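Enquirer: Take a look at the following structure, please.
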Amino acid sequence: QVQVVESGGGLVQPGGSLGLSCVTSTSDDFETYHMGWYRQAPGKRRELVGAIEKDGNTKYVDTVKGRFTISRDNAKKTVFLQMNNLTPDDTAVYYCTADPLWFRIVGGQPYYWGQGTQVTVSS
């Protein structure tokens, strides 16, 4: 069983930056889980933003490459999403996910999901 809790959402102006955190609680070794960030904008399908493997390798959707960075602190059982140069198109609810299987993390079917945190990019 894994509990996933996101924090750090809010309102930011276009061109600004925001950092999200995701703390997990599990009796398992956190390092056995791949972690992912998804987002869902109003009226749109949920999409993968990016993911980080157990060993730290990362993958990003093309629209955020060069702007977003995912990292993890295994000792703190926490994963981070640093978002820079934000645009209104980044407005969405952001979800943190966890799964021991990579194909589920990047395939839209992670087993564990957080409740989501709202990110709004607006002037």
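Enquirer: Counting only residues 5 or more places away or on other chains, whose amide H sits under 5 Å from the amide H of Tyr112 once H atoms are built in the peptide plane?
Expert: Correct list: Ala98.
Enquirer: Over the chain, with the other protein chains present, what is the accessible area per residue in square angstrom, probe 1.4 angstrom? Mind dumping the intermediate values first?
Expert: Working: 6370 Å² over 123 residues.
Accessible surface, normalised per residue, equals 52 Å².
Enquirer: Per DSSP H run of at least 4 residues, take -39500 (n - 2.57); add these up for the chain, divide by its residues and hand me the 222 nm value, nearest 500 deg cm²/dmol.
Expert: About -1000 deg cm²/dmol.
Enquirer: Still on this structure: Taking the chain as a Gaussian network, Cα atoms linked when under 10 Å apart, which of Tyr94, Tyr111, Tyr60 shows the biggest mean-square fluctuation?
Expert: Comparing Tyr94, Tyr111, Tyr60 in a Gaussian network model of the chain, the most mobile one is Tyr111.
Enquirer: While we're on this one: So which residue, out of Thr58, Thr97, Thr26, gets the largest mean-square fluctuation from a GNM of the chain using Cα contacts under 10 Å as springs?
Expert: Its mean-square fluctuation being the largest, the pick is Thr26.
Enquirer: ³J(HN,Hα) across the stretch 112-118 via Karplus (A = 6.51, B = -1.76, C = 1.60, θ = phi - 60°), whole Hz, x for Gly/Pro?
Expert: 10, 10, x, 7, x, 9, 7
Enquirer: Moving on. Using a 1.4 Å probe over the heavy atoms of the protein chains, calculate the carbon and sulfur portion of the accessible area of the chain as a whole percent.
Expert: Roughly 46 percent, rounded to a whole number.
Enquirer: To continue, here is another question. Across the chain, how large is the tail of the calculated P(r) beyond 17 Å, expressed as a percent of all Cα pairs? Present the calculation step by step, with values, prior to reporting the outcome.
Expert: On the way: 3802 of 7503 pairs.
The share of Cα pairs beyond 17 Å in the chain comes to 51 percent.
Enquirer: Starting at the first residue of the stretch 90-105, write each ³J(HN,Hα) from the Karplus equation 6.51 cos²θ - 1.76 cosθ + 1.60 with θ = phi - 60°, in whole Hz, x for Gly and Pro.
Expert: 8, 5, 4, 8, 9, 10, 9, 9, 9, 6, x, 10, 5, 5, 7, 4
The values are calculated or read from the model by the stated rules, or taken from the named source; none is laboratory data. Fair warning: this is a prediction, and the values are worked out from it, not measured in the lab. The protein model used for the area step is the full one, side chains on, heavy atoms only, and it has no ligands, DNA or RNA in it. Shrake-Rupley method; radii C 1.70, N 1.55, O 1.52, S 1.80 Å.
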